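What follows is one structure encoded as structure tokens, with my remarks underneath.
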Amino acid sequence: MTINIKKCTLEDLRTLQKISSETFYETFKHQNSAENMNAYLEKAFNVKQLEKELSNISSQFFFVYFHNEVAGYLKVNTNDAQSEEMGDESLEIERIYIKNQFQKHGLGKYLLNKATEIAMEGNKKKIWLGVWEKNDNAIAFYKKMGFVQTGAHSFYMGDEEQTDLIMTKTLL
Ligand SMILES: CC(C)(COP(=O)(O)OP(=O)(O)OC[C@H]1O[C@@H](n2cnc3c(N)ncnc32)[C@H](O)[C@@H]1OP(=O)(O)O)[C@@H](O)C(=O)NCCC(=O)NCCS
């Protein structure tokens, strides 16, 4: 089993757009209307938006490769790039997505370990994330990885207000 990781640059914009849209669609298509999904995909993953995020020095994107194929990606934020004001001792995992066919092969854990490594190197005290309350699969994964629920916030999928659980892991 060959797993590799690569930090994304602006040159990866199109590949990032493709994997972001594909994995988001795959994950949420069964529980959301086509209108809301399309509205979100257009807003979150248009080229300008992703270019802005890739250029933010407080955000980092990584591709994970399984046998040389892009199998998933990770986005982490620190400082002002975090989607909630959590302060400079926190790191946010904003996105962690593995394509369906590559799930349950240890790739999610591999990306989570990468996020932990970045947090430790930056002397962060905790890692946090927001996860849709109906995303049972991801919630079970985060619990397995040592995260606990510490709050909740709203998230808009198109015009629908949804609740994200905030889950946190304290670093020792
Ligand atoms: C959630 C996700 C990132 C997990 O990644 P993955 O590659 O499938 O998980 P891994 O194979 O690395 O699993 C790591 C550990 O978590 C456990 N695990 C994974 N999914 C689980 C689940 N649904 N229930 C219980 N345990 C789970 C595995 O058994 C494994 O345990 P081990 O360390 O004892 O072997 C992946 O399923 C995914 O991308 N889902 C769709 C996108 C998504 O929902 N992202 C999160 C948005 S907030």
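The values are calculated or read from the model by the stated rules, or taken from the named source; none is laboratory data. Not measured: the values here are computed from a predicted model. Note that we place each Cβ from the backbone using ideal geometry, even for glycine, and neighbour counts take in every protein chain shown. Heads up: the accessible areas ignore ligands, DNA and RNA and are worked out on the full protein's heavy atoms, side chains in. Shrake-Rupley method; radii C 1.70, N 1.55, O 1.52, S 1.80 Å.
Miscellaneous remarks
- Of all aspartates and glutamates in the structure, the ones whose alpha carbon falls short of 15 Å from that of residue 126, not counting any fewer than 8 places away in one chain, are 84, 85, 88, 89, 92, 94, 117.
- Residues whose amide H lies under 5 Å from that of residue 150, counting only those 5 or more places away or on a different chain, are 166, 167, 168; hydrogens are built 1.01 Å from N in the peptide plane.
- Beta bridges by DSSP in the chain, antiparallel share as percent, to the nearest 5: 90
- Candidates 78, 150, 23, ranked by Gaussian network fluctuation over the chain, Cα under 10 Å, top entry: 150
- Each part gets one Cα centre, and for the range 1-55 versus the range 108-172 those centres are 18 Å apart.
- Taking every protein chain into account, the accessible area of the range 67-167 amounts to 52 square angstrom per residue (probe 1.4 Å).
- 3J(HN,Hα) couplings calculated from phi for the range 43-58 with the Karplus curve 6.51 cos²θ - 1.76 cosθ + 1.60 (θ = phi - 60°) are, in sequence order, 6, 7, 10, 6, 4, 4, 4, 5, 4, 4, 5, 5, 8, 6, 5, 9 Hz; Gly and Pro show x.
- Estimated vicinal HN-Hα couplings, Hz - the range 13-24 in sequence order (Karplus 6.51, -1.76, 1.60; Gly, Pro = x): 3, 5, 5, 5, 4, 5, 6, 4, 5, 4, 6, 5
- Loop-resident sites, the range 75-172, for GluC sites (Glu not before Pro), counting at most 14 other Cβ within 10 Å (DSSP): 84, 85, 89, 133
- Percent of C-alpha pairs per 5 Å bin, the range 1-45, short to long: 4, 19, 24, 20, 14, 10, 8, 1
- Given charges at beta-carbon only (K, R positive; D, E negative), |dipole| of the chain in Debye: 740
- Here the accessible area is traced with a 1.4 Å probe on the protein chains. For the range 51-172, carbon and sulfur cover 46 percent of it.
- Here the extension length gained between residue 135 and residue 58 equals 25.0 nm, from 0.36 nm per residue of separation less the Cα-Cα distance.
- Full-stretch length increase - residue 153, residue 105 - with 0.36 nm per residue and alpha-carbon distance subtracted: 14.2 nm
- Computed on the Cα trace of the chain, the radius of gyration divided by the Kirkwood hydrodynamic radius gives Rg/Rh = 0.93.
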